[in-house]
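The values are calculated or read from the model by the stated rules, or taken from the named source; none is laboratory data. Treat the numbers as computed from the prediction; the structure is a model and nothing was measured. Counting neighbours? That spans all protein chains shown, and the Cβs are built from the backbone with ideal geometry, glycine included.
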Amino acid sequence: MKLKSILMIFSVCLLLSLSSFADESPTIKVGLNYGDSAIDGEVTLSFENGFQAGLVADDGTFMPMGFFETTGAVVKASSDTIMVYEGSELLYEGYGGMSVGICPLASELDGEDHIPFTKIGSIKYPEVLQFSANSGKITIINIIDAELYFKGVLPSEVYPSWHEEALKAAAIATRTYTYQSRKGKHSKLGFDLCDTTCCQVYSGITKCQPSTNKAVEDTRNLVLTYNGSLITAVYHAISGGITESAAGAWGGNPESYPYLTVTETPFESYGEIARGHWTKVLHDEDFDSLIASSSHSGKISAPITDIYVSDSTPGYLNNMTITDSAGRSILLRTSSNVRSFFSTLSANFTIGKVYTAEAYASDSAKVITAGGVTDFTAGNYAAILSAQGKETVGGIKRGYFLDGKGHGHGVGLSQYGAQYAAKAGYTYPEILAIYFPGTVIEDYTLMTNN
Ligand SMILES: [Zn+2]
């Protein structure tokens, strides 16, 4: 195998740079290392067959200048010039100030589904990696076909074992979100999206699975639109049986996002998931630390004497007034304000006063509760009438009890909800119609205003 001929390896990158056909998906630029995370030093790359090196034009077009049969290379920066080494041998040097592209070579021995990659650490990046140098620091951007990017992203958003209709709904939401946020917050840095939760978690093709790949292929180029424009396809983990509106979560005019409304989702069995149904007890000291770490620091202080919600819509809480014993109060206007203040998984909860006893014993104690004598374990709380066993139970305190559902802001698609809907027999267009009412599924490449 050492005599692998040049003819047996070939470039997939030339095709990439020439792919401007009408029904071809666009190219996405993903920022991997930039700004504070730009690499100070060198980057070690590994390959299956070798790589092509060349220049990357400002529009992202890769212009290969040479290819190298090697399994490893090191990218270094000198001031604003990128250099690629194999050991001490300089293989390729960029022109000062210009980006250098590296694209892995494929082999004829590869299976049909195999996607060639460049490895950085344990992460496999397909297609072009763009390296640029600024004062010796290396910025890395992955330039890839959008549909391949979606295959890379989807396994970080959903479980590949989920129902195929749920995976297809998630694929369309991810694709819509990506196109809608392209040329957004990171465009000044020269890429479309970053690879963290700030945008969407992306680790190349490392996590690709056949099921999520298929969901992307089966929905190729499909996006959600409202009145002919891409929607803001927000999503969250679990809604807890009801979604939140964009205006409820973040304020603003409810008519701005008519497809992000409160929707009941009775098929969502959130109680089966740990994050889907949760409880929390807050005492005076907890309120003091919540207040101190909020934007309302110093405006009120425990003890809290009243919590009042003027919002009458079910589910997520907003317009909540919290009053202290001195009569001072704060207003949490949106459900994201509520979630942030209480530091809870979601703002979909009920809240009420409760009296708790804390068990100081190492194991457990028996207490008389409203429901009779029950075991009471340290760390757990129960509403009690009185305590029994003076050594082990004490510290009866007044507090607030939160009974919560769901995880996330609750707006748009519930990822677990899509899974439960799929298991209940809904197809992906039906699932998307539930979570984004009034929207239409369209082919992005056929939209005139993309
Ligand atoms: Zn980002």
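A few comments on the model shown:
- Filter pass, Thr265 being more than 21 Å from the chain's Cα centre (by Cα), farther than 22 Å from Glu442 by Cα and among the β-branched types (Val, Ile, Thr): yes
- Residue in the stretch 176-183 that is without any contact (Cβ under 8 Å) to a residue 24 or more places away in the chain and within 16 Å of the ligand (Cβ to nearest atom) present: yes
- Every condition in (1) crowded, with 24+ Cβ neighbours inside 10 Å; (2) part of a helix (DSSP H, G or I) is met by Ala133 except one, and the failing one is (2).
- Selection of the stretch 185-205 for residues being touching a strand residue (DSSP E or B) at 6+ places or on another chain (Cβ under 8 Å), within 16 Å of the ligand (Cβ to nearest atom) and in a loop (DSSP other than H, G, I, E, B) yields His186, Gly190, Phe191, Asp192, Asp195, Cys199, Gln200, Tyr202.
- Among the residues listed as Ile102, Ile123, Ile141, the single one being within 16 Å of the ligand (Cβ to nearest atom) and either surrounded by fewer than 22 Cβ atoms within 10 Å (Cβ to Cβ) or in the same structural domain as Glu42 (by TED's automatic domain parsing) (or both): Ile141
- The single condition among (1) in contact (Cβ under 8 Å) with a residue 24 or more places away in the chain; (2) in contact with a strand residue (DSSP E or B) (Cβ under 9 Å, 6 or more places away or on another chain) that Gly327 does not meet is (1).
- Scanning the stretch 33-67 for residues that are part of a loop (DSSP other than H, G, I, E, B) and over 16 Å from Lys137 (Cβ atoms) turns up Glu48, Asn49, Gly50, Ala57, Asp58, Asp59, Gly60, Thr61.
- Filter result for Val153 (modelled with pLDDT of 95 or more and crowded, with 18+ Cβ neighbours inside 10 Å): yes
- Residue within the stretch 282-299 that is under 21 Å from Thr176 (Cβ atoms) and surrounded by fewer than 17 Cβ atoms within 10 Å (Cβ to Cβ) present: no
- Where a residue in the stretch 122-138 is farther than 24 Å from Leu105 by Cβ and its partner, wherever it lies, is surrounded by fewer than 24 Cβ atoms within 10 Å (Cβ to Cβ) and hydrophobic (A, V, I, L, M, F, W, C), with Cβ under 6 Å and at least six apart: Lys137/Ala38
- Residues located in the stretch 188-231, provided they are among the hydroxyl-bearing types (Ser, Thr, Tyr) and closer than 28 Å to Ile434 by Cβ: Thr197, Tyr202, Ser211, Thr212, Thr219, Thr225, Tyr226, Ser229
- Some residue of the stretch 398-406 being over 26 Å from Thr232 (Cα atoms), among the acidic types (Asp, Glu) and modelled with pLDDT of 50 or more: yes
- Single condition Val74 does not satisfy, out of (1) under 20 Å from Ile144 (Cβ atoms); (2) within 33 Å of the chain's Cα centre (by Cα): (1)
- Note on the stretch 206-220: among residues that are hydrophobic (A, V, I, L, M, F, W, C) and not in a loop (DSSP other than H, G, I, E, B), the one that is nearest to the ligand (Cβ to nearest atom) is Val216.
- Hits in the stretch 105-120 - residues which are farther than 16 Å from Cys208 by Cα and either at pLDDT 95 or above or buried (at least 19 other Cβ atoms within 10 Å of the Cβ) (or both): Leu105, Ala106, Ile120
- Evaluated against (1) at pLDDT 90 or above; (2) surrounded by fewer than 19 Cβ atoms within 10 Å (Cβ to Cβ); (3) more than 16 Å from the ligand (Cβ to nearest atom), Val43 falls short on exactly one condition, (2).
- All of (1) touching a strand residue (DSSP E or B) at 6+ places or on another chain (Cβ under 9 Å); (2) closer than 30 Å to Pro104 by Cβ; (3) among the acidic types (Asp, Glu); (4) without any contact (Cβ under 8 Å) to a residue 60 or more places away in the chain hold for Glu264 with one exception: (2).
- Top-ranked residue in the stretch 165-214 [being hydroxyl-bearing (Ser, Thr, Tyr) and touching a Lys or Arg at 6+ places or on another chain (Cβ under 7 Å); ranked as surrounded by the fewest Cβ atoms within 10 Å (Cβ to Cβ)]: Thr206
- Residue satisfying all of: in the stretch 154-175; among the β-branched types (Val, Ile, Thr) and in contact with a strand residue (DSSP E or B) (Cβ under 9 Å, 6 or more places away or on another chain); nearest to the ligand (Cβ to nearest atom) among these: Thr174
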